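**Student:** Let me begin by handing over the structure; questions about it come next.
The values are calculated or read from the model by the stated rules, or taken from the named source; none is laboratory data. In this text the structure is predicted, and so the values were computed from the model without any measurement. Positions of Cβ are generated from backbone atoms using ideal geometry, with glycine treated the same way; all protein chains shown enter the neighbour counts.
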Amino acid sequence: MRKVIGNLYKGILAFTIAGVLITGWYLCYSSVPSQVRLTTEKEQQVNFKLPASASIETTQGKMQAGLYRPLRVVTGASEATYQMDVKLLGVIPLKSVEIQVIGERNVSAAGFPVGIFLKTKGVMVVGVGSFNDIEGTVHEPARNHLAEGDYILSYNGVEVTGKKQFMSLIEESQGAEAVLGIERDGVYLEERLTPVKNQNGEYKMGIWIRDNAQGVGTLTFVDEHGNFGALGHGITDSDTGELMELGRGSLYDTRIVAVRKGTDGVPGELTGMIEYDDTNVIGEITKNTPYGIFGKLDLEKMAESGINLETREIGFKQDIHLGAATMISSVNDEMQEYTIEITAIHMGSDGGSKGLELLVTDERLLNLTGGIVQGMSGSPIIQDGKVVGAVTHVLVNAPEKGYGIFIEEMLQG
């Protein structure tokens, strides 16, 4: 009996030790980024604070370094890419890290509101359902043919340009079978569907579709050539949650006319007045990505509006530290810099929009909005004079808290 109990204790102990080791390995793994970016011709410091060693492949051969203390790196004038293999305790493989040495890049931190209009590619299917005909018979023409997230690109060879046009094509078919060209998960397919008259005598396919998205967001940065980034996250469909595929898109001049203050459990919101008129277009959206929306800003129109932006250096992940920072946002129809704190830095957050955890400390902003509200996504985060990120999300139950994306992740877009 004692032997059985002893073996049981040993088994539990072994299981516990294994669990601790696996947890420790995972925590170390998640604290190391997949990429580290450095600027040319500078002495820089990277501090992983890990009981680990690294082997770095360079043009001069392999270089060994300990990661338990700050790693000082002096870069040359040329851009280059190196591979760094990290081992925990110098033995256990942890992660391969790509080190990119790139030229210095400066951007103008923005922080002003923009009206956003995004037209999808073709029309997007947001739901498939049934309907009754005039005799009460239930029909589901699209069932097993179309699915949420599909993009309908053509109807019997005719390019689909929008919701209204697509509905007209269905009505004009008079019930004849149609070949729909669709895109599903990046793959082109063709499906044959036959429209049916509903109880009102209208031809339908039993689908809900959408062809655009619009709203208010905040411009994060613009470079000397007019290339901009905004939001810090992609525009997704409100029904499917899928990233919307861009057909075309525009930025519009807008101004904030109302603020709904955020409270616990109820997110606040900035309300902008947008006139969707060609004369108010200030830029073209060319990309909708998980890192934000990107495109080209009309610098002449921005200058005419009297907006003057300060050019700042980019701060990489390793430049960021816990503590005081600021965010630039426009709440009273005027750009202001508000104090915040960076409360957590997730170095291993590769490609995510929640690499930074934030706390609003500025009483002015707390009194106006309660913290972070909808419409502030994209507000640039400044620390030590550098642009280090952008606000992306708010904690609904604690509007003074939120998340941000690393600016270097946005620049990938």
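Okay, residues lined up against (1) among the small types (Gly, Ala, Ser); (2) touching a residue at least 60 places away in the same chain (Cβ under 8 Å); (3) under 25 Å from Ile320 (Cα atoms):
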{"residue": "Thr23", "(1), (2), (3)": "no, no, no"}
{"residue": "Val32", "(1), (2), (3)": "no, yes, yes"}
{"residue": "Leu38", "(1), (2), (3)": "no, yes, yes"}
{"residue": "Glu43", "(1), (2), (3)": "no, no, yes"}
{"residue": "Lys49", "(1), (2), (3)": "no, no, yes"}
{"residue": "Ala52", "(1), (2), (3)": "yes, no, yes"}
{"residue": "Ile56", "(1), (2), (3)": "no, no, yes"}
{"residue": "Met63", "(1), (2), (3)": "no, no, no"}
{"residue": "Leu71", "(1), (2), (3)": "no, no, yes"}
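**Student:** I'd like to know if the stretch 329-336 contains one or more residues that are in contact with a Ser or Thr (Cβ under 8 Å, 6 or more places away or on another chain) and within 29 Å of Glu43 (Cβ to Cβ).
**Tutor:** No, the stretch 329-336 has no match at all.
**Student:** Of the residues Thr369, Thr361, Thr392, only one is β-branched (Val, Ile, Thr) and surrounded by fewer than 20 Cβ atoms within 10 Å (Cβ to Cβ); which?
**Tutor:** So the residue among Thr369, Thr361, Thr392 that is β-branched (Val, Ile, Thr) and surrounded by fewer than 20 Cβ atoms within 10 Å (Cβ to Cβ) is Thr361.
**Student:** Mind checking whether some residue in the stretch 289-298 is modelled with pLDDT of 95 or more and of a type in the set (Lys, Arg)?
**Tutor:** Yes, the stretch 289-298 has at least one match.
**Student:** Would you say Val123 is surrounded by 14 or more Cβ atoms within 10 Å (Cβ to Cβ) and within 30 Å of Ile235 (Cα to Cα)?
**Tutor:** yes
**Student:** Another one. Select from the stretch 255-285 the residues that are hydroxyl-bearing (Ser, Thr, Tyr) and outside any strand (DSSP E or B) and list them in ascending order.
**Tutor:** The answer is Tyr276, Thr279.
**Student:** Run Lys386 past the list (1) over 19 Å from Leu231 (Cα atoms); (2) touching a helix residue (DSSP H, G or I) at 6+ places or on another chain (Cβ under 7 Å); (3) basic (Lys, Arg) and report the number of the one that doesn't hold.
**Tutor:** (1)
**Student:** Filter the stretch 175-205 down to the residues that are in a loop (DSSP other than H, G, I, E, B) and touching a Leu at 6+ places or on another chain (Cβ under 9 Å), then identify the one that is surrounded by the most Cβ atoms within 10 Å (Cβ to Cβ).
**Tutor:** The residue in question is Met205.
**Student:** Looking at (1) surrounded by 14 or more Cβ atoms within 10 Å (Cβ to Cβ); (2) under 25 Å from Gly292 (Cβ atoms), which one does Thr81 not meet, given that it meets all the others?
**Tutor:** Here Thr81 clears every test but (1).
**Student:** A further question follows. Exactly one condition in (1) out of contact with any helix residue (DSSP H, G or I) (no Cβ under 7 Å at 6 or more places or on another chain); (2) not in a loop (DSSP other than H, G, I, E, B) is not met by Gly378; state its number.
**Tutor:** (2)
**Student:** Can you tell me which residue within the stretch 43-60, out of those that are surrounded by 12 or more Cβ atoms within 10 Å (Cβ to Cβ) and closer than 21 Å to Ala80 by Cα, is modelled with the lowest pLDDT?
**Tutor:** Thr58
**Student:** What pairs can you find where one residue is in the stretch 206-235 and part of a strand (DSSP E or B), the other is of a type in the set (Asp, Glu), and their Cβ atoms are less than 7 Å apart, with a gap of 6+ or different chains?
**Tutor:** Close Cβ pairs (under 7 Å, with a partner that is of a type in the set (Asp, Glu)) amount to Arg210/Asp237.
**Student:** Does Asn308 satisfy the condition of being over 22 Å from the mean Cα position of the chain (by Cα), over 30 Å from Val32 (Cβ atoms) and touching a residue at least 24 places away in the same chain (Cβ under 8 Å)?
**Tutor:** Spelling it out, it is not the case that Asn308 is over 22 Å from the mean Cα position of the chain (by Cα), over 30 Å from Val32 (Cβ atoms) and touching a residue at least 24 places away in the same chain (Cβ under 8 Å).
**Student:** Further question on the same structure: Collect the residues in the stretch 266-276 that are more than 9 Å from Val216 (Cα to Cα) and within 23 Å of the chain's Cα centre (by Cα), keeping them in residue-number order.
**Tutor:** Passing the criteria: Val266, Pro267, Gly268, Glu269.
**Student:** Can you pull out every residue in the stretch 325-372 that is in a loop (DSSP other than H, G, I, E, B) and either among the hydroxyl-bearing types (Ser, Thr, Tyr) or within 20 Å of the chain's Cα centre (by Cα) (or both)?
**Tutor:** His346, Met347, Gly348, Ser349, Asp350, Gly351, Gly352, Ser353, Lys354, Gly355, Thr361, Ile372
**Student:** Separate question: Exactly one condition in (1) over 12 Å from the mean Cα position of the chain (by Cα); (2) in a strand (DSSP E or B); (3) in contact (Cβ under 8 Å) with a residue 60 or more places away in the chain is false for Ile405; which is it?
**Tutor:** Result: Ile405 fails condition (1) only.
**Student:** Of the conditions (1) crowded, with 19+ Cβ neighbours inside 10 Å; (2) of a type in the set (Ser, Thr, Tyr); (3) more than 32 Å from the chain's Cα centre (by Cα), Ser168 clears all except one; give me its number.
**Tutor:** (1)
**Student:** While we're looking at this one, here's another question. What number of residues within the stretch 248-257 are modelled with pLDDT under 90 and surrounded by fewer than 18 Cβ atoms within 10 Å (Cβ to Cβ)?
**Tutor:** 2
**Student:** Out of the stretch 289-313, which residues are assigned to a strand (DSSP E or B) and in contact with a strand residue (DSSP E or B) (Cβ under 6 Å, 6 or more places away or on another chain)?
**Tutor:** Across the stretch 289-313, the qualifying residues are Gly292, Ile293, Phe294, Gly295, Lys296, Leu297, Thr311, Arg312, Glu313.
**Student:** Among the residues of the stretch 120-130, is there at least one that is of a type in the set (D, E, K, R) and part of a helix (DSSP H, G or I)?
**Tutor:** Within the stretch 120-130, not a single residue is of a type in the set (D, E, K, R) and part of a helix (DSSP H, G or I).
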